[in-house]
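Student: Sharing a structure with you now.
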Amino acid sequence: MLRLITALRRRFFPEHHGDPQELQNAFRNHYLHFRGLLTANNNALELMAEAEQMLASGRPFGMAFVRGNCTALSVNVYKMIKHLTALADNGGYQRLPSRFKEISGRIEAILDRQPTIGAGPHILGMDQIDRTSIDLVGEKMANLGEIRNRVGLTTPDGFVITATAAGEFMAGGELQTEINRQLKSLDIDNLEELYTISAAVQQLISVAPLPEELETQIQRAYFQLADRASKEVLVAMRSSALGEDGMRVSFAGQYRTQLNVAPEFLGRTYKEILAGKYKSQAIVYRQQRGYRHQDVVMCVGCLAMVEATVSGVTYSRPPGDSRGNGVLIHAVRGLASGAVDGDVPHELWRVARYAPHPVLASPTGITGPALLSPDRLAELAEVAVRLEAHFGSPQDIEWSYDATGRLFLLQSRPLGEAESGALVTPPTADGDQPPPLLAGGATVSPGAACGVVFKVASSLDLLRFPPGGVLVVKSPYPDWAVLVNRASAIVSETGQAAAHLATVAREFGVPALFGVADAFTTLGDGQLVTVDASGRRVHPGRVESLLSEQPAKPALMRGSPIEQLLREVLAQITPLNLTNPASPYFRASACETLHDLTRFCHEKAVQEMFRFGDRHGFDKRSARQLVVETPFQWWVINLDDGFAEERQPDKHFINLSDIRSTPMLALWQGMTAIPWAGPPPVDLGGLGSIIFQSTRNPRLDPAVRSGLTARNYFLVAKNFCNLSVRLGYHLALAEANLSEYLTESYISFQFKGGAADNHRRLLRVNLLGDILAVFDFRVEIKGDTLTARIEKRPREYLEKRLMVLGYLLIHTRQIDMVMADEEVRDQYRVKILADLATILPNHEPLAIGTNHDQ
């Protein structure tokens, strides 16, 4: 050991006269901080990539993901700052903590931002409401007030308990704080936990005391309503949440409505409807659609009950067919709840949009005298066209006729851009398909899907529903919506397109077939079936011909509050402003994002490893030149245990046989496995682009110190390698750590620049990205800059990927000069993959087509 220490001191610290053990400890301590910083940097970049991928994917995510990602990212950036401060060993980088605190503070302010509840009265009468009241009464009641007071159509009389009242009630007695505590760690994929916490939160709200003043105001508004009716009236208490019934999301059937409420139960029912915000299906729906719980404030409409004889739902145009020439009218006997719950027989009419609104197709579902006369059909069609014109989009309208024949409008909401796909699709026969188990019914959400049957008849069944199963029910109750995000398809014995569950299925892009007689008894649990909702059939087994061309699932998070919040947060995280270490602006005070901080810390950490020797009499020339026969020169710096024990008297050179760094040797194997044929012959266009680049590149001015002439360095330890390659006009950085722990193992690669014009550089960088993707690298390309990463994989797997990188570093040099078009790129792609197949003969078969979707 003493001999090793003496050699270490002689090689790195010829002027140092301190204790050898102290010197060794100091160097190892520095290296540990350097390694810790690199690990934190790797974790930080991985977290940034994870957030960007989640945002781009359109997959649902909640605030738990956003907060967890931001917290983990902040922790790793803070670790980098602490490690860099320790590496400096002289009190340097004092501005970094303050910059980190400022950037983190901006992120935290975005995460903690709460929706503003407008100040206003606790109660508003329906005669006081229109679309301008939306922030106080919610979309549903604002639309209804608009219809009454601006369009001039009949709606039930009543009043709304506003968002102001709800906000004050929920803020009292720490009620909201306790609810937030219970929801904080909720896993919506654990249905048992979901139901337990949902019930507990609803109970908290239901038993909380209602402020006396608010209860008095509710009673006063009710008796004013009764006075106008000249009798005691029962009311329907309906949710009208802020954000509900919008163009993008419907929240159809997710919240609570209570019919026939007597005056003595108004206060209790009001609290139950507020509590309905936390029904299990509402919690799931919000997260899937990108809403925080605090984004939804529950207003409650109190409307006089209509003594309905016929009710229903009208679509001003068929869902998914914004230009369709037809009004769809669903009608049921009695209350409108029968139409939206889908559990009673219904009639379906298709009526022309133009006067006198003739019937366009034979109605379905008529078993006796028709529920709607031609005059009523024409009236409903005229109202639908009128409301569509007023609101500016196709409408989903709920209505009732009372015993006197008077039409009351109960709701009008946008039909919604998410409800895609035409519903009126004729069944088609295909000789390749097996005979169906079931046929008929109504296509309420188009498409086809395959899965195992799971029949749900009660809430207990919900807990056992398998992900990807086919949900089979007798009636499409809104409570089943908790499973829509888990189901591959839905089949119901009853129901139609106007049912709330059908609306949610269309939003989520889940194929659904309703009104299929005997489905519950014919299909068996665990049976593999293919549901062809568009063709109105259920087939046994998996039918590939139906599944091969299904559209992509809708991006449920698009435009949602949580997606917008993550975009705001990422604006404080991912932009990279510090790109050139030689710039005078490359300093801590210029860091504007967490990415800037990681870039700054990483660059300075490498410099601090070099400066360590300066502070202890380190000879700057101690970097050893690698003794190899190659067209390029390479220097190697041993960070810890990357060299064999001293055997060479010449401290300025190192033989490859004395290298003990596993990742460096893997890179080198790839770099030398196939001899480099030299630069490709340059065409006139390529030569011209080089000259143009040179005239625009100030770093090529002889008066300016140029990084293009810098050395190519390997910084090595036994399981670590950092390679900086500056060959001509491009810069490449490769870094790898092959740890015994998968969580610390990674490869990171960055590539930028080139001699040619932008078009040719982009072709080369896309070629690199395409090749790396074949070998499972996660690739991101911005302009002519490529980053690629692999992490948490076994050592042998990563060694093979390092060989790939080594090959690419050498064999893609200067090929941007001949990248005239996609054909040249594709030729290189075929050649490179063929070469790599010889270098890695045991690698899985390579696809050598010409897919380049990077």
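The values are calculated or read from the model by the stated rules, or taken from the named source; none is laboratory data. None of these values were measured; they are calculated from a predicted model. Cβ coordinates were reconstructed from backbone atoms using ideal geometry, including for glycine residues, and neighbour counts include every protein chain displayed. Side chains are part of the model used for accessible areas, which takes the heavy atoms of the whole protein and leaves out ligands, DNA and RNA. Shrake-Rupley method; radii C 1.70, N 1.55, O 1.52, S 1.80 Å.
Student: Starting from the alpha-carbon convex hull of segment 121-305, give the projected area averaged over all orientations, in nm².
Tutor: 10.2
Student: Which far-off residues, 5 or more places away or on another chain, put their amide H under 5 Å from the one on Gly469, with H placed in the peptide plane?
Tutor: Long-range HN contacts for Gly469: Ser488.
Student: Accessible area per residue, 1.4 Å probe, Å², for segment 45-84: what's the number?
Tutor: 42
Student: Which aspartates and glutamates, on any chain, are close to Lys718 with Cα under 16 Å apart, when same-chain ones fewer than 8 places away are left out?
Tutor: The qualifying aspartates and glutamates are Asp640, Asp641, Glu645, Glu646, Asp658, Glu735, Glu740, Glu744, Glu796, Glu799.
Student: Quick one: which of 381-394, 539-552 comes out on top by average Cβ neighbours within 10 Å, and what's the full order, highest first?
Tutor: 381-394, 539-552
Student: Answer rounded, prolate or oblate for segment 422-542, using the Cα gyration tensor with square roots of eigenvalues a ≥ b ≥ c: rounded when a/c is under 1.5, else prolate when a/b is larger than b/c, else oblate.
Tutor: It comes out oblate by the Cα gyration axes.
Student: Taking only protein heavy atoms and a 1.4 Å probe, what accessible area per residue, in Å², does segment 422-542 have with all protein chains in place?
Tutor: 34
Student: Please list, in chain and number order, the residues 5+ apart from Ala512 or on another chain whose amide H is under 5 Å from its amide H, with Hs placed from the backbone.
Tutor: Val444, Ser445, Ile490
Student: Given a 1.4 angstrom probe, I'd like the percentage of the accessible area of segment 422-542 that is carbon and sulfur, rounded to a whole number.
Tutor: Carbon and sulfur atoms account for 55 percent of the accessible area of segment 422-542.
Student: If you average the sequence gap of Cα pairs under 8 Å that are 6 or more apart and divide by the length of segment 307-418, what percent do you get for the contact order?
Tutor: RCO, segment 307-418: 30 percent.
Student: Between Glu102 and Ala389, with labels modelled 7 Å along Cα→Cβ, what's the label distance in nm to one decimal, could you check?
Tutor: Here the modelled spin labels are 5.7 nm apart.
Student: Okay, next question. Taking the highest mean first, how do the peptides 300-312, 488-500, 96-108 order by number of other beta carbon atoms within 10 angstrom per residue?
Tutor: Put in order of decreasing packing, that is 488-500, 300-312, 96-108.
Student: Using θ = phi - 60° and the Karplus form 6.51 cos²θ - 1.76 cosθ + 1.60, what ³J(HN,Hα) does each residue of segment 544-554 get, whole Hz, x for Gly and Pro?
Tutor: 4, 4, 8, 9, 6, 10, 7, x, 5, 5, x
Student: Length gain on complete extension for the stretch Ile366 to His759, per 0.36 nm per residue less the alpha carbon to alpha carbon distance?
Tutor: Difference between extended and current length: 134.9 nm.
Student: Another one. Could you give the Stokes-Einstein D for segment 758-846 in µm² per second, using the C-alpha Kirkwood radius, 25 °C, 0.890 mPa s?
Tutor: This corresponds to a translational diffusion coefficient of 181 µm²/s.
Student: Now, a different point. Would you list which aspartates and glutamates come within 15 Å of Lys82, measuring only between C-alpha atoms, while excluding same-chain residues fewer than 8 positions from it?
Tutor: Excluding near neighbours in sequence, the set is Glu603, Glu608.
Student: Whole number in Å², please: accessible area per residue of segment 121-305, 1.4 Å probe, ligands, DNA and RNA not counted.
Tutor: Computed with neighbouring chains in place, this is 38 Å² per residue.
Student: For a protection proxy built on the mean count of beta-carbon atoms within 10 angstrom, sort 110-121, 515-526, 814-825 highest first, please.
Tutor: Going by the mean number of other Cβ atoms within 10 Å, highest first, we get 814-825, 515-526, 110-121.
Student: Hey, what do the phi angles of segment 73-79 turn into as Karplus ³J(HN,Hα) couplings, whole Hz, using 6.51/-1.76/1.60 and θ = phi - 60°, x for Gly and Pro?
Tutor: 5, 4, 4, 5, 5, 4, 4
Student: First compute the accessible area of segment 307-418 with a 1.4 Å probe, then give the percent of it belonging to carbon and sulfur atoms.
Tutor: Carbon plus sulfur share of accessible area: 52 percent.
Student: Between Asp227 and Asn190, how many nm apart are label points set 7 Å from Cα along the C-beta direction?
Tutor: Placing both labels 7 Å along Cα→Cβ, they lie 5.4 nm apart.
Student: Leaving out ligands, DNA and RNA, and with a 1.4 Å probe, what % of the accessible surface on segment 121-305 is carbon or sulfur?
Tutor: So the carbon and sulfur contribution to the accessible surface is 47 percent.
Student: Now a separate question. Test of understanding: express the Cα radius of gyration of segment 781-822 as a ratio to 2.2 N^0.38 Å, with N the residue count.
Tutor: 1.48
Student: Continuing with this model, one more query. Give the aspartates and glutamates whose C-alpha is closer than 12 Å to that of Lys455, dropping any in the same chain fewer than 8 places away, or say none.
Tutor: Glu493, Asp525
Student: Shape verdict for segment 46-142, please, from the Cα gyration tensor: rounded (a/c under 1.5), prolate (a/b greater than b/c) or oblate.
Tutor: Because a/c hits 1.5 or more and a/b exceeds b/c, segment 46-142 counts as prolate.
Student: Going down the list Lys604/Lys752; Lys651/Lys800; Lys271/Lys474; Lys79/Lys782; Lys792/Lys831, which pairs span over 24 Å between their C-alpha atoms?
Tutor: Violating the 24 Å Cα-Cα cut-off are Lys651/Lys800; Lys271/Lys474; Lys79/Lys782; Lys792/Lys831.
Student: Sticking with this one: Which ³J(HN,Hα) values, rounded to whole Hz and listed in residue order, are derived for segment 186-194 from phi using the Karplus coefficients 6.51, -1.76 and 1.60 in 6.51 cos²θ - 1.76 cosθ + 1.60 with θ = phi - 60°, glycine and proline given as x?
Tutor: These are the phi-based 3J(HN,Hα) values: 5, 9, 5, 6, 8, 5, 5, 5, 4 Hz.
Student: Could you state the per residue volume, in Å³, of the convex hull enclosing the Cα atoms of segment 297-375?
Tutor: Residue-normalised Cα hull volume stands at 149 Å³.
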